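A short write-up of the structure that comes next.
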Amino acid sequence: MQRDDPYFGFHVSPRAKEIYQRLRAFMQEHVYPNEKLFQEQIDDGDRWQPVPLMKELKARARAEGLWNLFLPESEYGAGLTNLEYAPMAELMGRSAEFAPEIFNCSAPDTGNMEVLVRYGTPEQKERWLKPLLDGEIRSCFAMTEPDVASSDASNIRSTITRDGEEYVVNGRKWWTSGAGDPRCKVSIFMGKTDADAPMHGQQSMILVPLDAAGVKVERMLSVYGYDHAPHGHAEVVFEDVRVPASNMLLGEGRGFEIAQGRLGPGRVHHCMRLIGMSERALEAMCRRVMERVAFGKPISEQGTIRADIANSRMEIEQARLLTLKAALMMDTVGNKASRAEIAMIKVVAPRVASRVIDRAVQAHGGAGVSDDFMLASAWANARMLRLADGPDEVHIESVARMELSKYKD
């Protein structure tokens with residue numbers, strides 16, 4: 001069960017706690033009971049079309065004021081700090097493939113909205129941010145490329161070339177999450193504007209409408225066999241796509257700067273959602289082993305199972321506290337000063353989730369690898385997030401570099 005105080009002694013506003021309790025009640029009343037129906041509506045119709053249940057619950061969540069909770073700016077969102085929002089992301093993560101979109105808090109829209117809030121022009125905000133905030137459209141983020149190791153973003157070969165009052169965009173992207181959704185209307189595209197500039201001044205980001213001539217979704221990709229419809233992950237070709245020069249974000253050569261501003265909060269969101277899913281997997285494991293008997297006694301009395309339960313609880317607590325610390329630091333000293341903590345949680349949370357979910361699968365036996373429970377898909381998602389937003393190895397190297405820098409003369 002969830003604790004009465006999800007903030008574990010961290011100081012937050014009474015308003016944040018009140019929103020958390022309302023969100024928790026909404027999850028209990030409308031989300032968990034409808035998970036099966038949500039999947040049935042996807043499977044029974046065109047898998048790549050939004051389902052009626054999602055539209056209904058989004059309208060209900062917005063009417064109840066549980067909308068755009070991730071945005072700290074009160075002008076656009078709920079005005080919550082990263083620390084205040086983090087346990088709410090954990091709640092949504094308990095139903096990770098269903099819940100976040102209900103509250104307009106799902107990636108990659110959250111990160112893209114943060115980019116537009118921070119760096120968008122008034123014109124860009126009016127055209128793209130407003131309908132995203134209203135939940136009328138969705139968006140995608142086109143960064144990763146199939147032909148290079150995109151863990152080093154300086155490898156990106158896609159180009160953004162100035163031609164008068166337009167830019168011409170060329171490149172092949174993949175793992176462009178959300179591009180399969182017919183509501184996806186705009187992409188934030190990362191490419192090189194100046195190959196001769198210093199390494200971190202070569203890349204820029206530009207807004208590319210998905211219906212622009214030359215944009216083609218070539219195929220949808222699966223994650224361990226899961227297509228994640230109707231959201232999905234696409235391979236997209238951009239061939240001589242012309243967009244107005246006014247679509248450039250912040251300015252030429254500012255792509256890495258935007259990426260750093262975009263990814264910090266998003267990593268906290270991802271990690272807290274993973275912790276929520278880990279909690280749910282641990283709950284499922286405990287219930288399962290208390291119900292079943294093997295070798296003459298309940299499975300819950302087997303020593304190896306008890307060790308799995310204890311280790312899972314300890315690891316979840318450590319991951320949560322580290323993530324909350326990172327969120328608090330982002331609020332108090334800023335994203336730049338929190339780089340080590342952000343890198344650490346991005347490694348720790350997916351690894352913990354993968355281990356906890358794997359233990360739960362083992363405790364469920366054959367049922368654990370089936371689609372009768374959420375464990376198989378949850379494990380696939382946790383494993384994927386050891387690559388998304390940068391692989392473990394990149395973050396580990398960052399932590400080591402920052403740690404060693406303390407000992408330089």
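Would you work out the relative contact order for the chain, in percent, from Cα pairs under 8 angstrom that are 6 or more residues apart? For the chain, the relative contact order is 14 percent. Computed from the C-beta positions of Ala212 and Lys336 and an R0 of 35 Å, the FRET efficiency is 0.50 to the nearest 0.05. A viscosity of 0.890 mPa s and a temperature of 25 °C, combined with the Kirkwood radius over Cα pairs in Stokes-Einstein, give a translational diffusion coefficient for region 14-119 of 172 µm²/s. So the label point goes 7 Å from the Cα of Glu123 along Cα→C-beta, right? Which residues of region 229-267 then have their backbone N under 19 Å from it? Label zone hits: 241-254.
In region 294-409 the Cα-Cα distances spread across 10 Å bins starting at 0 as 13, 32, 30, 16, 7, 1, 0 percent of all pairs.
Looking at region 125-234, the GluC sites (Glu not before Pro) that sit in a DSSP loop and have at most 10 other Cβ atoms within 10 Å of their own Cβ are Glu136, Glu165. The charge dipole of region 256-407, taken about its Cα centre with unit charges on the Cβ atoms of Lys, Arg (+1), Asp and Glu (-1) only, comes to about 160 debye.
Express the relative contact order of region 256-407 as a whole percentage, based on alpha carbon pairs under 8 Å and six or more residues apart in sequence.
Relative contact order of region 256-407: 28 percent.
Simple spin-label estimate for Arg183 and Arg292 gives 3.7 nm between the two label positions (7 Å along the Cα-to-Cβ direction from each Cα).
Here the simple spin-label model places points 7 Å from the Cα toward Cβ, and for Glu393 and Leu221 these points are separated by 1.7 nm. A Förster distance of 35 Å, applied to the separation of the beta-carbon atoms of Lys325 and Asp240, puts the FRET efficiency at 0.15.
From its DSSP helices (H runs of at least four residues, each -39,500 (n - 2.57)), the chain gives a residue-normalised ellipticity at 222 nm of -14500 deg cm²/dmol.
Once divided by 2.2 N^0.38 Å, the Cα radius of gyration of the chain becomes 0.99. Charge dipole (Cα centre; +1 on Lys/Arg Cβ, -1 on Asp/Glu Cβ; no other charges) of region 66-180 amounts to roughly 200 debye.
Positive end of the charge dipole of the chain (Lys, Arg +1 and Asp, Glu -1 on Cβ, about the Cα centre): tell me which of Ala197, Met314, Ala349 has its Cα farthest that way. Result: Met314. To the nearest Å, what is the center-to-center distance of region 381-409 and region 126-196, using C-alpha atoms only? About 25 Å separates the Cα centre of region 381-409 from the one of region 126-196. Using Cβ point charges alone (K and R +1, D and E -1), the dipole size of the chain about the Cα centre works out to roughly 940 debye. By a straight-distance test (C-alpha under 16 Å), which aspartates and glutamates pair with Lys336 as possible cross-link partners, with residues fewer than eight away in the same chain excluded? Excluding near neighbours in sequence, the set is Glu257, Glu403. Straight-line cross-link partners of Lys58 among the lysines, defined as a Cα under 28 Å from its Cα and at least 8 positions apart when in the same chain: Lys17, Lys36, Lys125, Lys130, Lys185.
Each of Thr161 and Lys55 was given a label point 7 Å from its Cα along the Cα-to-Cβ line. The distance between the two points is 4.2 nm. Across the chain, the longest piece that holds none of the trypsin sites (Lys or Arg not before Pro) lying in DSSP loops with up to 14 other C-beta atoms within 10 Å covers 4-156.
A short reminder: the numbers here are calculations on the coordinates, not readings from a lab. From a predicted model like this one, the values you see are computed outputs, not experimental measurements. Positions of Cβ are generated from backbone atoms using ideal geometry, with glycine treated the same way; all protein chains shown enter the neighbour counts.
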